[in-house]
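Engineer: Below you'll find the structure I mean.
The values are calculated or read from the model by the stated rules, or taken from the named source; none is laboratory data. All values derive from a computational prediction rather than experimental measurement. Cβ coordinates were reconstructed from backbone atoms using ideal geometry, including for glycine residues, and neighbour counts include every protein chain displayed. The area values use the complete protein model at the heavy-atom level, side chains included, leaving out ligands, DNA and RNA. Shrake-Rupley method; radii C 1.70, N 1.55, O 1.52, S 1.80 Å.
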Amino acid sequence: MLIVMHHSATEEQVRCVAQAVAALGLTAQPIPGGQRIAIGVLGNRGYVDDATIRDLPGVMEIIHVSKPYKLVSRDFHPAPTVVRVGSVNLGDGFPPVVMAGPCSIESQEQILEAARQVKGAGAHILRGGAFKPRTGPHTFQGLGAQGLEFLHVAAREVGLPAVTEVMRIEQLEMACRHVDMLQIGARNMQNFDLLKEIGRLRFPVLLKRGLSATVEEFLSAAEYIVAEGNDQVVLCERGIRTFETATRNTLDLSVIPLVQSLSHLPIIVDPSHATGRRFLVPVMARAALVAGANGLMVEVHPAPEKALCDGAQSLTGEGFCRLMHELRFLQECLAGMASSVAGPSA
Ligand code: PEP
Ligand code: MN
């Protein structure tokens, strides 16, 4: 439930409303915002009878929020959230952020080479998997703790923040000491204990959309993290499972503007896992920016043909350099379009 107060409501009236909410055994959370004074109501398991609240002085409107997510919604928090990863700002009002690097960390040399390539091409965050959620148990499972060390050294060497995936609660502490952002992969989007624990950490998180998650399930997963106090969440569309087998997944670009209308959290696109095919990655990356994505995650490997994981969808360093060049040009075009649509007075 959301209580919207009159613009002229006094602090005393807001306090009285908060007390009436507390008297119902619920939590009142003031919602900051220049446009309105609002109070979010949390803690209810179902419909709340607002009879003791709606006629209180200063109350303008009561909105019953029926969605399972509240804190991540625009209703509760109209202003966009900006997530800070190292010194990089990710969110509305900032240029798109590009995370790039190999699917898996394979050796110190490999991640160093990849780090130099992506940094040289203009990426903002280095990615690399140490704990890998592989479909079958007989494939490369990642280097684990040693991989984190290699990633840390490479990121420091080139001066980029790093992101890596965690699969279990026990990996969190070690991962936080080595990287600047934690990734929750598609397969763990509904690992609720992991989500809650990361929510308690207040550490930047990249939450990938589940293999066949609806938008409501996706945002509800983010709600688990934010409900524990961590609002530094970036969503990631990485394609969903459909009947189509010609691509690894089906990239659902419409969720970009859709999620941005429903939630204040930033959202990026991973065209590598979405397509599974190298030649499709650049064009889908460009399409993602046109759709308004706040950033991209792209797999890049110094020698994709030798990659232990996801080589077929990995760009070479050279291919990534070309893509970054195109993206810079595209950004200028999009900025030019925005200002010409806004007109000369803007
Ligand atoms: C990855 O980023 O390497 C990965 C495993 O992605 P996803 O969870 O989207 O499959
Ligand atoms: Mn991968």
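Engineer: Just for the stretch 161-174: of the residues that are of a type in the set (A, V, I, L, M) and more than 16 Å from VAL234 (Cβ to Cβ), which one is surrounded by the fewest Cβ atoms within 10 Å (Cβ to Cβ)?
Structural biologist: Residues of the stretch 161-174 of a type in the set (A, V, I, L, M): 162-163, 166-167, 169, 172, 174.
Now restrict to residues that are more than 16 Å from VAL234 (Cβ to Cβ): 167, 169, 172, 174.
Numbers: MET167: 18, ILE169: 13, LEU172: 17, MET174: 16.
That would be ILE169.
Engineer: Show the residue pairs that are 6+ apart or on different chains and have beta-carbon atoms under 6 Å apart, the first residue being within the stretch 272-294 and more than 11 Å from LEU330 (Cα to Cα), the second being acidic (Asp, Glu) and within 16 Å of ligand 1 (Cβ to nearest atom).
Structural biologist: Within 6 Å, the pairs are SER272/GLU299.
Engineer: Can you pull out every residue in the stretch 225-259 that is more than 18 Å from ALA274 (Cα to Cα), open to solvent by less than 30 Å² (accessible area, probe 1.4 Å) and not in a loop (DSSP other than H, G, I, E, B)?
Structural biologist: Within the stretch 225-259, ILE225, VAL226, VAL233 meet the criteria.
Engineer: Restricting to the stretch 84-130, name every residue that is within 16 Å of ligand 1 (Cβ to nearest atom) and open to solvent by 30 Å² or more (accessible area, probe 1.4 Å).
Structural biologist: GLU106, the sole residue that qualifies.
Engineer: Within the stretch 250-272, can one find any residue that is polar (S, T, N, Q) and within 16 Å of ligand 2 (Cβ to nearest atom)?
Structural biologist: Scanning the stretch 250-272, I find at least one residue that is polar (S, T, N, Q) and within 16 Å of ligand 2 (Cβ to nearest atom), so the answer is yes.
Engineer: Quick check on TYR47: is it surrounded by 18 or more Cβ atoms within 10 Å (Cβ to Cβ), closer than 26 Å to SER220 by Cβ, of a type in the set (Ser, Thr, Tyr) and not assigned by TED's automatic domain parsing to the domain that holds GLY292? Can you show your working first?
Structural biologist: Numbers: surrounded by 18 or more Cβ atoms within 10 Å (Cβ to Cβ): no; closer than 26 Å to SER220 by Cβ: yes; of a type in the set (Ser, Thr, Tyr): yes; not assigned by TED's automatic domain parsing to the domain that holds GLY292: yes.
Considered against the rule, which asks whether it is surrounded by 18 or more Cβ atoms within 10 Å (Cβ to Cβ), closer than 26 Å to SER220 by Cβ, of a type in the set (Ser, Thr, Tyr) and not assigned by TED's automatic domain parsing to the domain that holds GLY292, TYR47 comes out as no.
Engineer: What number of residues within the stretch 96-114 are among the hydroxyl-bearing types (Ser, Thr, Tyr) and part of a strand (DSSP E or B)?
Structural biologist: Filtering the stretch 96-114 for residues among the hydroxyl-bearing types (Ser, Thr, Tyr) gives 104, 107.
Adding the requirement that they be part of a strand (DSSP E or B) leaves 104.
Residues that pass the stated criteria total 1.
Engineer: Taking only the stretch 50-69 into account, find how many residues are in contact (Cβ under 8 Å) with a residue 40 or more places away in the chain and open to solvent by 30 Å² or more (accessible area, probe 1.4 Å).
Structural biologist: Number satisfying all stated conditions: 9.
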